[in-house]
Amino acid sequence: MVSLLLAAALAGAVPSNGPSVLVFSKTAEYRHEAIPDGIDALRRLGERVGWQVEATEDAERFSDEGLAEFDVVVFLMTTGDVLSREQEAAFERFIRKGNGYVGIHAAADTEYEWAWYGELVGAYFDSHPEIQTASYDVEDRSHPSTAGLPTRWRRVDEHYNFRSNPRQRVNVVLSLDESSYDVGDGAMGDHPAAWHHRHDGGRAFYTALGHTRQAYRDPLFTRHLEGAITWASGSGEP
């Protein structure tokens, strides 16, 4: 009898034996036009590597029962106040069970009045200059999110400035070289752009990248997201 694995291979599919991922993209403020591109990229990534990926903008999924089947929740360019107090409490319990969070781009422009979330994401959005090319430096080559990235990564994006520098609270994997672009009035000097840390029993990863639709067709960027989700799921160390 042909094995399930061989059958899947013959069908051109990868069996879903990896983490189960919920992609949440609800917006209450600015809405990025790249959200559908991001959802599509994460679904295709899941099909390629064997993850179960579900996308929703229904905040009602944030209950103990609604989150129980997932290992990682991705906040994909969320903005504003997107969860009720009860839903926030359910997400806190989800993380405390050892599960993972990945925030992409405007996830840092979300839930400013929820202090726990601010600690989870690591830093809140402050401002950005116009979209332009800039250089990102890889600070930690051992992390799954930076595997395969060039040491100095030139890319077009909307380069976020943050209200505070999270470096003392998180492990930075990417930082911006402010001399490589016109940073405008929001210069931070030391400028973290992607990081990870453990928070309240779970794993949290945030990347400021991902504003443009083109980003989600960039193999390097999708590799960055693959490593972030892998780590947040607990299946990729450190």
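The values are calculated or read from the model by the stated rules, or taken from the named source; none is laboratory data. Bear in mind the structure is a predicted one, so any value in this text is a computation, not a measurement. Here the Cβ positions follow ideal geometry from the backbone for every residue, glycine too, while neighbour counts run over all protein chains shown.
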- Item | Hits in the range 98-120 - residues which are among the small types (G, A, S) and part of a strand (DSSP E or B) | G100, G103
- Can you run down the residue pairs with Cβ atoms below 6 Å, 6 or more apart or on separate chains, where the first is in the range 24-51 and modelled with pLDDT of 95 or more and the partner is outside any helix (DSSP H, G or I) and among the aromatic types (F, W, Y)? F24/F75
- Taking only the range 52-98 into account, find how many residues are in contact with a Gly (Cβ under 8 Å, 6 or more places away or on another chain) and hydrophobic (A, V, I, L, M, F, W, C). 10
- If you take the residues in the range 137-171 that are in contact with a Lys or Arg (Cβ under 8 Å, 6 or more places away or on another chain) and among the β-branched types (V, I, T), which one is surrounded by the most Cβ atoms within 10 Å (Cβ to Cβ)? V138
- From the list A194, A215, A204, pick out the single residue that is touching a helix residue (DSSP H, G or I) at 6+ places or on another chain (Cβ under 7 Å), touching a residue at least 60 places away in the same chain (Cβ under 8 Å) and in a strand (DSSP E or B). A204
- Take D177 and decide whether it is at pLDDT below 95, more than 24 Å from G50 (Cα to Cα) and among the charged types (D, E, K, R). no
- Report, by residue number, each residue of the range 136-171 that is part of a strand (DSSP E or B) and either in contact (Cβ under 8 Å) with a residue 60 or more places away in the chain or over 17 Å from the mean Cα position of the chain (by Cα) (or both). Y136, D137, R152, W153, R154, R155, V156
- Message: Can you tell me which residue is surrounded by the fewest Cβ atoms within 10 Å (Cβ to Cβ) among those in the range 216-237 that are over 13 Å from H196 (Cβ atoms) and polar (S, T, N, Q)?
- Response: S235
- Task: Test G118 against the criterion of being at pLDDT below 95 and surrounded by fewer than 20 Cβ atoms within 10 Å (Cβ to Cβ), and give yes or no.
- Result: no
- Message: So the check is Cβ under 7 Å with 6+ separation or different chains; which pairs have a first residue in the range 58-81 that's over 15 Å from I35 (Cα atoms) and a second one that's modelled with pLDDT under 95?
- Response: D71/P19; V72/P19
- Item | L174 being in contact with a His (Cβ under 6 Å, 6 or more places away or on another chain) and either in a strand (DSSP E or B) or surrounded by 21 or more Cβ atoms within 10 Å (Cβ to Cβ) (or both) | no
